[in-house]
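See below for the structure under consideration.
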């Protein structure tokens, strides 16, 4: 009987965790950007921050997820410590609300949730509808898991072996706290563990005082994961928020433990249903902690700031700034971060493009070396972006997110190719010009600078198309392709006229002049690649110009899927 009960418990908990995961992932995918906006609106004061944490965690049903997201903001310096701590107090209360709802017998709603969820997931017209269907299926699984836990434990209620085993484990409150904290840390979910405790209490396998102690341990365990996952060893300040959240949980547990027998005597007669009593103690503990610590956030923040001082760090430009690993659970947020990092990569490309032309015109060898070093930064950022988006595509993405992932990787690759053209071709031409001590003719230099300016303007327009997806700007960028080709031919023709006139400077720089024009035109072809997906999405493929041999090849969804695998 003990073996059967143990297997039923493990199976029920596994189903409960999977249902909770579906709820979290569905909410994150459907409302990811709105959730981050909700969190950002909580920066005004500690009370609005508390409300933002409460609302966010009520939707996500995971104080750990809220903790990791908030810790990443605090570590980046975009979120002050006091509002961040208030967000976590709200998150701790928010994670108790689903427990209150599930404390009532709602098993009959599970079939309806399964049917509605399946219809929305399979036949929903948009990604958000499909994800709401995922949420419904997840809620149905959670209700079914609770039903399995309670019905499977009922026949074993009188089994002496099971009762003796659980009695031995839960006899000591301190041992209960340690066990529940370890289980919550391993499961990454206090909701699942508290629901398991409710099931055990409802079936009279554990006493009310043991249930209270286990709930305290579950609350303590949920604060452990952000300490390990949200902090970075190279940045002590990143530990302030997760350690502060752990401290308020630990202080609360230490204060409440001595009063557990008295609380049991007072509360037990008020609620005969031990399952509901467990849920009510869970929310009362977190609300009491929030009330007490809201007044102590300033001294707590002062203590944490001195415990984990900020350390000056060298600006490692090649390290990504926006690729937040904790955002990978929310594809829309992760893709936004990847796009921001790609745009940062584009800023380096623009600087390279400007500096290499300045080096060509002025003969500054130091600028050539600077451009070569910047190309190494671009190469590293490209690898980081590809790896980050590849991690994201290992999970199932809807059509919109999958298409955006393809666009991000494709544009990052084309930017890296532009960097290679600048470093391997234009820098080599600049070094050759400096070594030979030759100069472009005044007319030739003016033509190259004008042509270069058009390329830079197109690059900036390409950035706008990449971030906004505006079809009008995409049309404008594609239209410039023919203009650039005509401008290159016109510049080359004028150069040949100067050669025919026998100008010595034009004769000395003829190969350099034509090579610079050719390489700038190749760069423009890579820039134009960002417009093709936008026009394709708008159903305007007739606007595509015929690709020539210098045009980049854009990624297809199939190739991205292969890469992710």
In this structure, is residue 340 touching a helix residue (DSSP H, G or I) at 6+ places or on another chain (Cβ under 6 Å), surrounded by fewer than 18 Cβ atoms within 10 Å (Cβ to Cβ) and modelled with pLDDT of 85 or more?
-> no
Condition set without any contact (Cβ under 8 Å) to a residue 60 or more places away in the chain and outside any helix (DSSP H, G or I), scope the range 229-287, selection surrounded by the most Cβ atoms within 10 Å (Cβ to Cβ): answer is 271
For the range 490-502, what are the residues that are surrounded by 17 or more Cβ atoms within 10 Å (Cβ to Cβ) and either farther than 21 Å from residue 426 by Cβ or under 51 Å from the mean Cα position of the chain (by Cα) (or both)?
-> 491, 498
Go through the residues of the range 443-457 one by one and say whether even a single one is more than 30 Å from residue 502 (Cα to Cα), surrounded by fewer than 18 Cβ atoms within 10 Å (Cβ to Cβ) and at pLDDT 90 or above.
-> yes
Within the range 414-442, residues more than 13 Å from residue 353 (Cα to Cα) and crowded, with 20+ Cβ neighbours inside 10 Å come out as 414, 429, 433, 440
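The values are calculated or read from the model by the stated rules, or taken from the named source; none is laboratory data. This structure is a prediction, so every number in the text was calculated from the model and none was measured. Cβ: placed from backbone, ideal geometry, glycine included. Neighbour counts: every protein chain shown.
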